[in-house]
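*Asks:* Sending over a structure as structure tokens; questions will come in a sec.
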Amino acid sequence: MSTTPPKPSLGRRDLKKQQTREALLTVTLRLAAERGLEHVTVEEICAEVGVSSRTFFNYFPAKDDAVLEDNAGAAEEMQRRLEELLTELPVLAAVHASLARIIAEMEAERERWLLRLAAIERSPSLLPRLIATSVKTGQQAAEIIGRHVGVPADGYPALVIGVAGAAFRAAMQRWAAGDGSRPLDAYVGEAFAALANGLADPRNK
């Protein structure tokens, strides 16, 4: 019987670097959630962590990056899973299932995500970058769907990705407003079930 080898533990130097990055990230998110990123300086962040400003820029190109982080890896994983799932599931179900890893990671880091969402709400300067990233990711996903179903990406595939994104955001807002007793995947599941049901008027139940 084969077993997966354990991941090698970090050396002291790498562990220290990871701890420093985590501390910078946590403080940046907390201060940005409290005041808005525009009203937080790198110097303030570094003073709380006990490092120099130069150290901050060793980990993040700018304050924006500390709030938003690079989600390219998560987007690539979602797209890879979508490619696989489209061979065995209907389109909307495949999109839903492709989000499983992202949902699990958000649930595992709930407190950090709550701070991130609050920071984004307080920081309008982050919106152009968020929108640009969302548009790019959506276009890539729509192209994948278009190839599988044999239609142009800017028609049905773009519509599916658009409504799926709206459903996910609505679920995420409910999750963030909740008390933590219900996991994110429960809210996302309800939202996608409503889409699959054609957004039926609840008064007709």
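*Asks:* Considering each residue of segment 111-124, count those that are open to solvent by less than 60 Å² (accessible area, probe 1.4 Å) and modelled with pLDDT under 90, and give that number.
*Replies:* The number of residues fulfilling the criteria is 0.
*Asks:* Now for a separate question. Regarding segment 174-188, can at least one residue be identified that is part of a helix (DSSP H, G or I), more than 24 Å from Gly73 (Cβ to Cβ) and small (Gly, Ala, Ser)?
*Replies:* yes
*Asks:* Considering (1) open to solvent by 60 Å² or more (accessible area, probe 1.4 Å); (2) touching a residue at least 12 places away in the same chain (Cβ under 8 Å); (3) of a type in the set (Asp, Glu); (4) over 23 Å from Trp175 (Cβ atoms), say which one Glu105 fails and leave the rest.
*Replies:* (4)
*Asks:* Please go through segment 131-149 and pick out each residue that is open to solvent by 30 Å² or more (accessible area, probe 1.4 Å), in contact (Cβ under 8 Å) with a residue 12 or more places away in the chain and closer than 19 Å to Glu84 by Cα.
*Replies:* Hits for segment 131-149 are Thr137, Gln139, Gln140, Glu143, His148, Val149.
*Asks:* Could you list, in sequence order, all residues of segment 60-79 that are surrounded by 14 or more Cβ atoms within 10 Å (Cβ to Cβ) and without any contact (Cβ under 8 Å) to a residue 40 or more places away in the chain?
*Replies:* Of everything in segment 60-79, those that are surrounded by 14 or more Cβ atoms within 10 Å (Cβ to Cβ) and without any contact (Cβ under 8 Å) to a residue 40 or more places away in the chain turn out to be Phe60, Lys63, Asp65, Ala74, Glu77.
*Asks:* I would also like to ask the following. Considering Ala196, Ala167, which residue is of a type outside the set (Asp, Glu), in contact (Cβ under 8 Å) with a residue 24 or more places away in the chain and open to solvent by less than 40 Å² (accessible area, probe 1.4 Å)?
*Replies:* Ala167
*Asks:* For residues that are open to solvent by less than 30 Å² (accessible area, probe 1.4 Å) and touching a Ser or Thr at 6+ places or on another chain (Cβ under 8 Å), scanning just segment 80-102, find the one that is nearest to Gly138 (Cα to Cα).
*Replies:* Leu82
*Asks:* Out of (1) in contact with a Lys or Arg (Cβ under 7 Å, 6 or more places away or on another chain); (2) more than 28 Å from Pro128 (Cβ to Cβ), the odd one out for Leu15 is which?
*Replies:* So Leu15 meets the others, but not (1).
*Asks:* Please specify each residue of segment 176-188 satisfying the condition of being open to solvent by less than 60 Å² (accessible area, probe 1.4 Å) and without any contact (Cβ under 8 Å) to a residue 60 or more places away in the chain.
*Replies:* Gly178, Ala186, Tyr187
A quick yes/no check of all residues on (1) touching a Ser or Thr at 6+ places or on another chain (Cβ under 9 Å); (2) of a type outside the set (D, E, K, R); (3) at pLDDT 95 or above:
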residue: Arg129; (1), (2), (3): no, no, no
residue: Glu143; (1), (2), (3): no, no, yes
residue: Ala153; (1), (2), (3): no, yes, yes
residue: Gly162; (1), (2), (3): no, yes, yes
residue: Leu199; (1), (2), (3): no, yes, no
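*Asks:* In addition: Tally time: how many residues in segment 16-40 are closer than 14 Å to Ser123 by Cβ and open to solvent by 20 Å² or more (accessible area, probe 1.4 Å)?
*Replies:* 5
*Asks:* Please state which one of Pro152, Pro128 is in contact with a Gly (Cβ under 9 Å, 6 or more places away or on another chain) and free of Cβ contacts under 8 Å to residues at least 24 places away in the same chain.
*Replies:* Unique residue meeting the criteria: Pro152.
The values are calculated or read from the model by the stated rules, or taken from the named source; none is laboratory data. Treat the numbers as computed from the prediction; the structure is a model and nothing was measured. All Cβ positions, glycine included, derive from the backbone under ideal geometry; neighbour counts span all protein chains shown. Only protein heavy atoms, including side chains, enter the accessible area calculation; ligands, DNA and RNA are left aside. Shrake-Rupley method; radii C 1.70, N 1.55, O 1.52, S 1.80 Å.
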